[in-house]
Every structure is written in structure tokens, then in C-alpha cells.
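The values are calculated or read from the model by the stated rules, or taken from the named source; none is laboratory data. Just so you know, these numbers come straight off a predicted model, no measurement behind them. Note that each Cβ is placed from the backbone with ideal geometry, even for glycine, and that neighbours are counted across all protein chains shown.
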Amino acid sequence: MIPICSVGNPAKTETDEVVIAERRHIDLDGRSQDSEILMVFLMKRFLCLFVFVSLSHAVIADEALSKTLMTQRGRLLASEDFTNPLPPATGTPRSFASGFTGWRFNKSLKSGKWDQVDGTFRGIELTESHHPATASYGIKYGNVIIQCDVRLDDVPADGRPYRSLFIKATDEKDYVCSLSVGPGGIFLTAYDSDRMDPKTKQRMKEPPVIGKTAVKMDGWYTLVLEIMGDEAVGTLDGHSVRISNPLLSSEKHSVMLGASTQASFRHFRIWEALPNPDWARDKQAIPSAALPTPKSALKPEKLSALDIAVKKAMKDGTILGATLWVERKGESYHRAWGQRTAQPPIEAMTEDTLFDVASITKVMVTTSSAMLCVERGLIGVDDLVSKHLPEFIGEGREKVTLRHLLLHSSGLPVNLNSTLPPFNTPADALAQACRTKLLFEPGSAFSYSSAGTMVLGAVIERVTGRKLDQFSTTEIFAPLRMTDTVFRPEGERLKRVSPTSSPARGLVDDTVARVIGGVAAHASLFTTTSDMARFARMMLNFGELNGVRIFQPETVKFMTSVQSPPRLTSPAAKNLPVRRGLGWDIDTPYRTAPHEYTLARGALFPIGSYGHTGWTGQMLWIDPFSQTFVIFLCNRYVGSGIDTHHRVQQLHHRISTLAAEAVIGFDFKNVVDALPGNSERESGNPES
């Protein structure tokens, strides 16, 4: 509607034109009706004043809203002040989170919850849920301005310290973009229509654009998300960032509000967005510091070389197929190649394939569980095993400590003998371990021992009162949202398992673990590259991931630094020196000639990085110096009857070398705090 009174030019209004025309009409007729003219004039002036005041209030109200940069507000599409209670859910969702008008809330027991008090919509991520409170408002629209007031609330004493909130736009299928707020500022992220997360089956995120600004707890801020064509601008109280992505130009279907730990929304509005003709000029108003061009952390040509190396291994019969995940500082490269199965029906390898990771179980499950028990005061690293397992005595076994078990220096053999009766349950296995003769004096030498890890698993179960698989899943994997990390996979997961030499799909390859029921401390875990990436990220971040803390930083440093004594050697590898963390491999010679050291580290990752491998062909290596990790999971059971184990170890070396070569901006030749090589140790430069 055109206003009767033009606020922009009060000297000559539309009402003035009407009055002047009437006066001219009066003069031409030669009639004198001053009183009537005066009444008309006053009435129209009053009307003009009324409209002027009304519009002034409207302008003032609009001025109170945060300025938009890219767009102009069109008609109001949705408005919610949260002054009245919202219904539990409105409308019927179709497809992703769209196709409905009104609100829809997460209602799962694993989800966060919403409170609505005094015009405030407060989301709470419950400590036990590990999932943010989310609410979707379903409405179909194209270009849009989404605005609301937001507040990061103080977290109750029993809550996690991590806080953030977000608004996301979706199309009919998935997320389009996300604008999130945390203590460090705002983060504007586009999603990629071409890349899908193999685990969640949802679009993957582009690198975020970050607007760094201090956000205080319990203070209200105005948050605006503008989308016009393939561009988006996020603004928090005058601090703006922008992105461009073709997916943004799609038709939108819903807006999702979300709160991690505890955060509040109010004055929710959605406007139709109209083009701002000054946008080309307004772009310059956004500080260049708020528009960082994400620098690549990995060299494309080296990633291509990784691709070639894996394909060559498939071609020469070393592996049937594989998945790979290389990540540095948030930038990741991950792929799947070849086949998951050898026998018909042939299945293609996929990124969500589950693998039997064999001895990687030792670190992800048993070492991690043991260190949680240490943190909680249930055990001490230097406790005697017999303190917790009184039956583990005789023939020198009473001298074995938990440290010996973690360092593989207990004297226990590589494996228990699964042919000796009785041997059908974990209790049977422990009973045999308690009768097994030690190969050497505890602490005097290194000998890799699955039997020792099984004894450590029994200690964990004894002191926690829980089965090892239950404890590790509840305390480690579930909090990290590693939803495909399981023991004894079944149901739909079983269909995604890569078979090994075990009699049936989904049964653990290790004979001892299989005989005692499929759960063992030394080998029995099944997982995916994406789940392992979450674990590796947590380790690089010293025990924390996405606001969930698994370990204290000191615990991670303790178990991943050299804990073996300086003179520890391996009799099975020409008495070469050994350096081990608690459970983790750092620098270990192989038993088999030519006794090469820790091939999984590659040629460049420094000594002081750490990891582990598994008999089935799997590898995890983490370098805290360059903030890089490599995960390689494969099916080496090619169906020819040939054991490709050693060839896969050489492939591990090639993959880790190329992964390190792919790292941009890090000098692997001059790494501060890296440990010297063994030749330097032998020439008089022992480790500190």
C-alpha cells in the first residue's frame, strides 16, 4: 500500500496536492467556503499526522531490528514470540524435515528438550542425551531472511561446559546451510550436495567461515541469516560473514533451531527476502578478516598418489578392497575402493563398511578402558595383577604389574592355546592364563602378548563389575557417537561387514576371541573409518570431542608417550630396543626379519607419533605434531589362499608416507620434541 503521507518529503505530501487542487477548484468557481475548506484541510492534516506517527513507529520498530546487508525485507512469512505455549508438534513431516507448516520437535529419549518460559524458548542438551535440542519450523520458501534473538545460557553444575546454538535452513532432502553461535563468535557453513557422510547418509559440510567476536553468557544477541540466490550472510549484532554455494539457491522447506547444552531463542521471524541493489557495495562492509579463504591442509597430488597406491595393491592381489581416511586440522580425504566380498554375490566396498579391526581392539577398547579406570581410582598402573586377580599367582606371575601388561613386558606368550581343555568361555581363558608359564622375568624384555591383554581385560571387568564390551561402549563409544562401533555385529550392520577368514560373516577372525564367544580384550571390535576418525579426533584433542570429554588431557599424554624403560629390548627381533606407550605402539621392531620398525608410521611421521595395527590388515596412526591421522581398513582375504599380511604391512608404510607428504605447511625434518631414531640412540643420544 502507498502511504497517504510520504514520510520522506513532508514539505510536499499527497495530502497537500489534494488540498491545493481543491483550492484551485474553489477559486475557479468563484465561491467562498472558507470554513468548509478549513475543516477539510484540518481533517486531512490530522490524517497525515496520524499516518506519519504510525509509520514513524513502524520505522522505529524496524530500525530496532538488525540491519540486513544483502537483502531487503519483504512480506512476513512466519512470526513467533514464544509468549504462548507451543503444541507438541504440528503438521506431518515429509522427506527430511519439511513439507509441514508449524513446529516439530525432537521427542526421542536420547534428545535434548525444550522449555518455554516468559517468551523464551530454551533448549537444553541433557547430559545423558548427548544430542542437542532441535525444533523445526516447516514452511516452504525461496530467498529468505531468518531472524531471532539468541542467548548462550550458563550451564548448570552437572552440565557439560560446551555451549552453542544454531539455525539451519533445509531443502526437501537435507541441510542447506547452518549459522551457529558459540563463545568464540559465529560460524556460517554451507553443505555440499555432492558429498555424503557414509555413516549418517547426510550431506557433508563445507569448511565454515568464522566471524570471531566475543559472545558473553546470558546476554541477548540478534542473529540474522539472509539467503539470496547462491549467497548467504550471517550477522550477529553487526558482525557479519558470508558464503557462496550453488545449493543455497534451492527452495527451502524448514528452519531448524538447535541448542547444545543450554541456550535460548526469542522473537523468531521469517521474511521473504528481496534483492538489495546495494549488495555489491555492501559486500565491502564485511571485514576481510571475517571472510577467510580456507587454506587446503592436504596436497591434491599426494592424495591422488594414495589413490594410485591402493588401486595398485588391489591389482596385484594384496587386498580385495579398502577404505581410507586421512585428516589434518579438520580437512579430510576419505574414499572406498574395490570389493567388500570375494565370494558371490560380489559386493562393492563402501565407506560405511564395518571391519574386524583385530588388535586395534587392544588400544581402542582395552587400553582406553584401563585408563578410564586409572582416572577413576579403580586401579593404578603399577598395581600388581594379583591385587585384582588373586588367582594370578605362582611361577613368578605374582610379580606382573598392570604396566607390564600394557607394555607387553609381562612374559606372557603371544596367545593362549585354544586347543588345551577346558577352553569355551572367558573364564576358561582366564584360568588358562593363570596357569601359563612366563617366558621371562616380568619387565626384563618385550614380547607382544594378546594373552597379557586378555588378563588386563579381566582386571577391568573385575574392578568395574561390567563386561568389557558394555563398559567400553557405554563410557567411550556411545558418548563419542561412534554408532557403528560394535562387538558381534548383527541385523543391518551385519550386511555391511567385510568378511575375513572366519567361518561366517560377522564372526571375529581371531580364533581365541571366537571360541570364547566373540568378545575379547585383544581382538573382537568391528568399526568403520568414519567412527575411528571420531576416536582419533578425540585423541588429537587430548581426550575431548564436540564438548564430550572422555579422558583428561594428562591421561592422553601419559598413555601416548614413551612409558617403556630405556633398556627394554625385543629378544624376538635381535634384541633391538623398543619404545612403547601404554598400549600404543611408538617404535617397535617386528619379530620377523628384516625386523623393520613400525611400518605403519611411514617414512616421515616423527617418532613420538603413535598408533596400532591389526592382523586383519587394519591400521590407525596418529601424529600429534602435525595434527594428522591416517586410518586404513581393508579386506586382505583375497580368496587365493595366499597370506598377504607382510605385503599389507608394506602398504601401510606407503600409505602413511604419502599421507605425511600430503600435509601442507609442516616441516617433518625439524619436529620439536620428536624422539631420536634408534641409530642416534645407539650412537650416544639416548632419549630423555
* Please tell me if ILE393 is under 21 Å from THR318 (Cβ atoms) and not hydroxyl-bearing (Ser, Thr, Tyr). => no
* To do: Can you tell me which residue among GLY443, GLY518 is in contact (Cβ under 8 Å) with a residue 40 or more places away in the chain, at positive phi and assigned to a loop (DSSP other than H, G, I, E, B)?
  => GLY443
* Asked: Do we find that THR189 is closer than 25 Å to ASP352 by Cα, β-branched (Val, Ile, Thr) and loosely packed, with under 14 Cβ neighbours inside 10 Å in this structure?
  -> no
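This table checks each residue for (1) modelled with pLDDT of 90 or more; (2) surrounded by fewer than 22 Cβ atoms within 10 Å (Cβ to Cβ); (3) not assigned by TED's automatic domain parsing to the domain that holds SER79.
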| site | (1), (2), (3) |
| --- | --- |
| ALA214 | no, yes, no |
| GLY234 | yes, no, no |
| PRO246 | no, yes, no |
| SER249 | no, yes, no |
| HIS253 | no, no, no |
| GLY258 | no, no, no |
| GLN262 | no, no, no |
* Read through the list (1) at pLDDT 95 or above; (2) out of contact with any Leu (no Cβ under 9 Å at 6 or more places or on another chain); (3) in a loop (DSSP other than H, G, I, E, B), then give the number of the only condition that GLN343 fails. => (1)
* Which is modelled with pLDDT under 95, crowded, with 17+ Cβ neighbours inside 10 Å and not β-branched (Val, Ile, Thr), of ALA451, ALA433? -> ALA433
* To do: Sort through PHE558, PHE551, PHE526 and tell me the only one that's over 30 Å from GLY411 (Cβ atoms) and either among the aromatic types (Phe, Trp, Tyr) or not assigned by TED's automatic domain parsing to the domain that holds THR366 (or both).
  => PHE526
* Asked: So which of PRO565, PRO589, PRO624 is in the same structural domain as VAL357 (by TED's automatic domain parsing) and under 23 Å from THR401 (Cβ atoms)?
  -> PRO565
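Show me the strands (runs of 3 or more DSSP E) found entirely inside region 136-222 where at least 2 residues are farther than 25 Å from THR101 by Cβ. Reasoning before the result, please.
Working: elements: 144-152, 164-170, 175-182, 185-196, 203-205, 209-212.
It comes to 144-152, 175-182, 185-196, 203-205, 209-212.
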* Structure fact -> Here the residues within region 569-599 that are out of contact with any Lys or Arg (no Cβ under 8 Å at 6 or more places or on another chain) and touching a residue at least 60 places away in the same chain (Cβ under 8 Å) are THR569, PRO571, LEU576, VAL578, ARG579, ARG580, TRP584, ARG591, TYR597
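Of THR436, THR464, THR453, which residue is in contact (Cβ under 8 Å) with a residue 12 or more places away in the chain and more than 20 Å from ALA523 (Cβ to Cβ)?
Values: THR436 fails: more than 20 Å from ALA523 (Cβ to Cβ); THR453 fails: more than 20 Å from ALA523 (Cβ to Cβ).
Unique residue meeting the criteria: THR464.
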* Asked: For residues in region 646-665 being surrounded by fewer than 17 Cβ atoms within 10 Å (Cβ to Cβ) and not in a helix (DSSP H, G or I), which is modelled with the highest pLDDT?
  -> ILE664
* Name the pairs whose Cβ atoms lie under 9 Å apart, with the first residue in region 417-430 and in a loop (DSSP other than H, G, I, E, B), the second acidic (Asp, Glu), and 6 or more positions between them or separate chains? -> PRO421/ASP428; PRO422/ASP428
* Structure fact -> Cβ pairs under 9 Å, 6+ apart or interchain, first in region 209-222 and over 13 Å from GLY234 (Cβ atoms), second in a loop (DSSP other than H, G, I, E, B) and of a type in the set (A, V, I, L, M), ordered by first then second residue, are MET217/VAL155
* Asked: Is region 347-356 home to any residue that is on the phi < 0 side of the Ramachandran plot and part of a helix (DSSP H, G or I)?
  -> no
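Going by what's in this entry, would GLU461 be described as in the same structural domain as ARG514 (by TED's automatic domain parsing), in contact with a Cys (Cβ under 7 Å, 6 or more places away or on another chain) and not β-branched (Val, Ile, Thr)? Break it down stepwise before answering.
Values: in the same structural domain as ARG514 (by TED's automatic domain parsing): yes; in contact with a Cys (Cβ under 7 Å, 6 or more places away or on another chain): no; not β-branched (Val, Ile, Thr): yes.
Here the answer is no, as GLU461 does not meet what is asked.
Yes or no: region 384-400 includes at least one residue that is over 36 Å from the mean Cα position of the chain (by Cα), polar (S, T, N, Q), assigned by TED's automatic domain parsing to the domain that holds THR366 and in a loop (DSSP other than H, G, I, E, B). Before the answer, list the steps.
Going through region 384-400, the residues over 36 Å from the mean Cα position of the chain (by Cα) turn out to be 384-400.
Checking the rest, the ones that are also polar (S, T, N, Q) come to 386.
Checking the rest, the ones that are also assigned by TED's automatic domain parsing to the domain that holds THR366 come to 386.
Those still in the list that are in a loop (DSSP other than H, G, I, E, B) too: none.
Within region 384-400 (the criterion being over 36 Å from the mean Cα position of the chain (by Cα), polar (S, T, N, Q), assigned by TED's automatic domain parsing to the domain that holds THR366 and in a loop (DSSP other than H, G, I, E, B)), the answer is no, since none of the residues qualifies.
Report yes if PRO207 is in contact with a helix residue (DSSP H, G or I) (Cβ under 7 Å, 6 or more places away or on another chain), crowded, with 16+ Cβ neighbours inside 10 Å and at pLDDT below 90, otherwise no.
On the way: in contact with a helix residue (DSSP H, G or I) (Cβ under 7 Å, 6 or more places away or on another chain): no; crowded, with 16+ Cβ neighbours inside 10 Å: yes; at pLDDT below 90: yes.
The answer is no for PRO207.
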* Kindly indicate whether any position in region 494-510 is among the hydrophobic types (A, V, I, L, M, F, W, C) and part of a strand (DSSP E or B). => yes
* Taking the stated definitions as given, is VAL241 modelled with pLDDT of 85 or more, part of a loop (DSSP other than H, G, I, E, B) and touching a strand residue (DSSP E or B) at 6+ places or on another chain (Cβ under 7 Å)? -> no
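Taking into account only those residues within region 259-277 that are in a strand (DSSP E or B) and out of contact with any Gly (no Cβ under 7 Å at 6 or more places or on another chain), which is farthest from LYS140 (Cα to Cα)? Break it down into steps so the answer makes sense when it comes.
Start the filter on region 259-277 by keeping residues that are in a strand (DSSP E or B), which leaves 259-260, 262-275.
From what is left, the residues that are out of contact with any Gly (no Cβ under 7 Å at 6 or more places or on another chain) are 264-265, 267-270, 275.
On the way: SER264: 25, PHE265: 21, HIS267: 20, PHE268: 16, ARG269: 14, ILE270: 11, PRO275: 19 Å.
Step by step, filter region 259-277, then rank; the result is SER264.
Condition first: charged (D, E, K, R) and within 19 Å of VAL519 (Cα to Cα). Now tell me which residues in region 431-460 satisfy that. Reasoning before the result, please.
Applying the first criterion (charged (D, E, K, R)) to region 431-460 yields 435, 437, 441.
Correct list: empty.
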* Quick check: anything in region 413-422 at pLDDT 95 or above and either more than 19 Å from VAL365 (Cα to Cα) or outside the structural domain of MET559 (by TED's automatic domain parsing) (or both)? -> yes
